Amino acid sequence: MTDGEARAALAREIDATCRLTGTFVLRSGRTADEYFDKYRFEADPRLLDRVAAQLTPLVPTDTEVAGRRVLVVEDVVTSGGQVIVSTGQLRELGARVEHALCVIDRAEGGAQTLADHGVALRALFTRADLEAHRTR
């Protein structure tokens, strides 16, 4: 299986496993008609292993720890609010935070909000990616 095929298969599985429909109030206070339940991929060791394998190449090569260059990792980004809070706390401790990594970017403005705070978002999948590979 090629990397592209593996990525497409993972998108299909995450979408089928994690996308819930209904009425949801998100952390940002927004109401959404769909929700990506991160616990559904985080609680499945086989699926989580595949997610981690696909995330690894997205980690910037100059990422460090212990007061140096730090990468914030989030499961699902909507508004970017939690990443901004975490980034602020890490920066107060002297960390350099320039990137955030997430599994799903809902594409609802979070990437731009983070960019406005000096953080570039790298997403394994966007909502559009999952929709493009949705099993009908």
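Take the Cα radius of gyration of the chain and divide it by 2.2 N^0.38 Å, N being the number of residues; the result is 1.07.
For segment 1-111, what's the relative contact order in percent, using C-alpha pairs closer than 8 Å and at least 6 residues apart? Dividing the mean separation by the residue count of segment 1-111 yields 21 percent. Modelled spin labels at Thr61 and Asp75, positioned 7 Å past Cα toward Cβ, are 3.2 nm from each other. Here the dipole of the chain is about 80 debye; that uses its Cα centre as origin and unit charges on the Cβ of Lys and Arg (positive) and Asp and Glu (negative). Between Glu34 and Ala120, the simple label model (points 7 Å from Cα in the Cβ direction) yields a spacing of 2.8 nm.
The separation of segment 76-130 from segment 1-30, counted between C-alpha centres, amounts to 17 Å.
Taking R0 as 30 Å, what's the FRET efficiency between Thr2 and Glu92 from their Cβ-Cβ distance, rounded to 0.05? Mind showing how you got there, number by number?
Working: r = 43 Å, r/R0 = 1.44.
The value I calculate is 0.10.
Can you classify segment 12-66 as rounded, prolate or oblate using the Cα gyration tensor, where a ≥ b ≥ c are the square roots of its eigenvalues, rounded means a/c under 1.5, and otherwise it's prolate if a/b beats b/c and oblate if not? Oblate, because a/c is 1.5 or more while a/b does not exceed b/c.
The gain in end-to-end length when the Arg12 to Ala43 segment is fully stretched comes to 9.4 nm, 0.36 nm per residue minus the alpha carbon separation.
Just so you know, all these numbers are worked out from the coordinates, no wet-lab data involved. Keep in mind the model is a prediction, meaning the values are calculated, not measured. Quick reminder, even Gly has a Cβ in these numbers, built from the backbone with ideal geometry, and neighbours come from all protein chains shown.
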